[in-house]
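Inspection log for the structure reproduced underneath, given as structure tokens.
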Amino acid sequence: MTGLRMILAVALAATASVPLAAQGPAPAATGQVGRSPDAPIDALSQRLFPRLGALRATPRWAQALDRDPAMGTLQAARTARRAACGIAAACTIEAAIWTTGDRAALVAILDRLAGKRGLPPLAANADLAPVAAIDAELDGLNAVLRVYGLGHPSRYPAIDGPVFTPAVPYFADGVAVGIEFARAASGAAPDTLDGSVALALALLDGNDATAATLFEPLDDRENAGVRAAAARTDWAAFRYTALIVPGVGPEDSATRLSPRSKLHALLAAQRYRQGLAPFILVSGSAVHPRGTRFVEAVEIRRALIERYAIPADRIILEPYARHTTTNLRNATRRMVALGIPLDRPTLIVTDAQQSAYVESPTFTTRNTAELGYMPGAIGRRLSVYDLEFRPSRQSLRQDPRDPLDP
């Protein structure tokens with residue numbers, strides 16, 4: 001056993017052997033006892049698990065859950081599972097996962113409590129009811145724990161997942177450190193609602209899988225000029241509200257902008273100069289190859305400004321999407337956030353291959369399988385490069401199962 005793993009084992013053993021009430025401030029099922037501000041973790045929590053966070057941060061909801069007998073029974077069962085793990089990190093991760101039975105019990109508790117007077121309403125999530133939205137976040141939390149805590153394959157193993165595979169000793173060390181970090185940061189054991197969320201966030205942080213918050217607050221910084229320009233735009237003067245330009249990453253880490261993305265930038269600049277739309281929306285994260293530091297949307301935006309003299313306040317930055325499905329979904333989210341109306345069409349401007357894919361039944365099937373809905377309606381084709389698209393508000397529905405693009 002390495003020195004690091006020995007230290008971690010001793011720490012885990014101490015935590016497991018001391019009664020919960022004696023482990024410093026009592027980690028309630030909700031609430032944030034012992035919680036210290038941590039800007040990156042807090043931003044990631046707000047992005048991935050906003051409704052679970054609201055449950056923990058709203059005193060009346062925290063008190064209601066802590067006093068609820070059914071919640072006490074549920075928490076006692078989860079604590080017993082975790083206590084049986086001793087110092088075994090993998091077992092502790094399993095105990096932190098919200099089983100089907102755990103989730104059903106929590107949903108029933110929330111449904112019952114939501115009807116009580118004096119409790120603030122729970123936030124909905126686009127087409128999901130409030131409690132269903134919380135359950136969806138638990139599904140996402142479980143996915144993070146399984147991928148980054150147990151080494152299960154991610155949804156997109158070619159482009160993300162833990163830094164080390166489970167076959168490498170550093171993987172187990174990282175998981176053990178994540179457990180300790182989460183416990184120290186939240187003041188809650190990993191079987192609690194607080195603690196399980198903190199553990200998922202700690203594992204993501206430990207693997208530098210925090211790209212989902214890299215540009216926040218996005219619309220107060222990079223897109224601030226766009227928001228001001230959108231507020232004074234006469235939408236009726238344009239055929240389309242925006243030109244949506246998805247990125248395509250290069251396959252080597254030294255290249256900033258792929259040839260296909262350079263073509264996208266040229267086509268978008270031409271159509272903007274034609275007056276088809278008042279804004280160009282560039283979308284794409286740091287995706288290909290895995291580990292690249294170049295963000296597709298940032299590099300296309302740079303090309304539009306430096307090569308084609310497009311004004312910066314006419315370019316909407318969407319730096320999070322990692323797939324064509326989420327290019328369109330996230331484009332809609334940015335439009336809503338910036339005050340761009342959805343009752344008029346946009347124009348997807350991309351290379352012929354990707355444009356044909358967006359129009360194909362395969363793309364529809366993929367959206368249904370991965371997002372659960374189509375992010376909008378595909379419209380008329382204008383050319384091999386140009387495809388009309390009318391965004392849908394369903395795109396506001398959060399999906400934390402993909403921690404880099406929720």
| task | Could you tell me which residue of the range 173-205 is nearest to THR79 (Cα to Cα), considering only residues that are outside any helix (DSSP H, G or I) and of a type in the set (A, V, I, L, M)? | result | ALA189
| task | For VAL147, state whether it is in a helix (DSSP H, G or I), of a type in the set (Val, Ile, Thr) and surrounded by fewer than 19 Cβ atoms within 10 Å (Cβ to Cβ). | result | no
| Only one of these conditions is not met by ARG344: (1) in a loop (DSSP other than H, G, I, E, B); (2) in contact with a Gly (Cβ under 7 Å, 6 or more places away or on another chain). Which number is it? | (2)
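If we keep just the residues of the range 80-107 that are charged (D, E, K, R) and over 16 Å from ALA202 (Cα atoms), which is surrounded by the fewest Cβ atoms within 10 Å (Cβ to Cβ)? Please lay out each step first, then the result.
So in the range 80-107, the residues charged (D, E, K, R) come out as 81-82, 94, 102-103.
If we keep only those that are over 16 Å from ALA202 (Cα atoms) too, we end up with 81-82, 102-103.
Details: ARG81: 18, ARG82: 24, ASP102: 19, ARG103: 16.
Filtering first and then ranking leaves ARG103.
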| request: Go over the candidates VAL245, VAL287, VAL226, VAL282 one by one and state the one that is open to solvent by less than 10 Å² (accessible area, probe 1.4 Å), under 28 Å from GLN46 (Cα atoms), in contact with a strand residue (DSSP E or B) (Cβ under 6 Å, 6 or more places away or on another chain) and not in a strand (DSSP E or B). | output: VAL226
| request: Could you check, for the range 167-178, whether at least one of its residues is under 22 Å from the mean Cα position of the chain (by Cα), at pLDDT 95 or above and buried (at least 24 other Cβ atoms within 10 Å of the Cβ)? | output: yes
| request: May I ask you to list the residues in the range 355-387 that are open to solvent by 20 Å² or more (accessible area, probe 1.4 Å), farther than 29 Å from ALA200 by Cβ and outside any loop (DSSP other than H, G, I, E, B)? | output: ALA356, TYR357, PRO361, THR362, THR364, THR365, ALA377, ILE378, GLY379, ARG380, ARG381
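Is it true that some residue in the range 259-276 is of a type in the set (Phe, Trp, Tyr) and buried (at least 17 other Cβ atoms within 10 Å of the Cβ)? Break it down into steps so the answer makes sense when it comes.
First, pick out the residues of the range 259-276 that are of a type in the set (Phe, Trp, Tyr): 272.
Restricting the remaining residues to those that are buried (at least 17 other Cβ atoms within 10 Å of the Cβ) gives 272.
Yes; the residues of the range 259-276 include at least one that is of a type in the set (Phe, Trp, Tyr) and buried (at least 17 other Cβ atoms within 10 Å of the Cβ).
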| message | Against the definition (among the polar types (S, T, N, Q), open to solvent by less than 50 Å² (accessible area, probe 1.4 Å), assigned to a loop (DSSP other than H, G, I, E, B) and more than 25 Å from PRO217 (Cα to Cα)), how does THR255 come out, yes or no? | response | yes
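The values are calculated or read from the model by the stated rules, or taken from the named source; none is laboratory data. Computed from a prediction, not measured in an experiment: that's the story for all the values here. Cβ sites come from the backbone with ideal geometry, for glycine too, and all protein chains shown count toward neighbours. Only protein heavy atoms, including side chains, enter the accessible area calculation; ligands, DNA and RNA are left aside. Shrake-Rupley method; radii C 1.70, N 1.55, O 1.52, S 1.80 Å.
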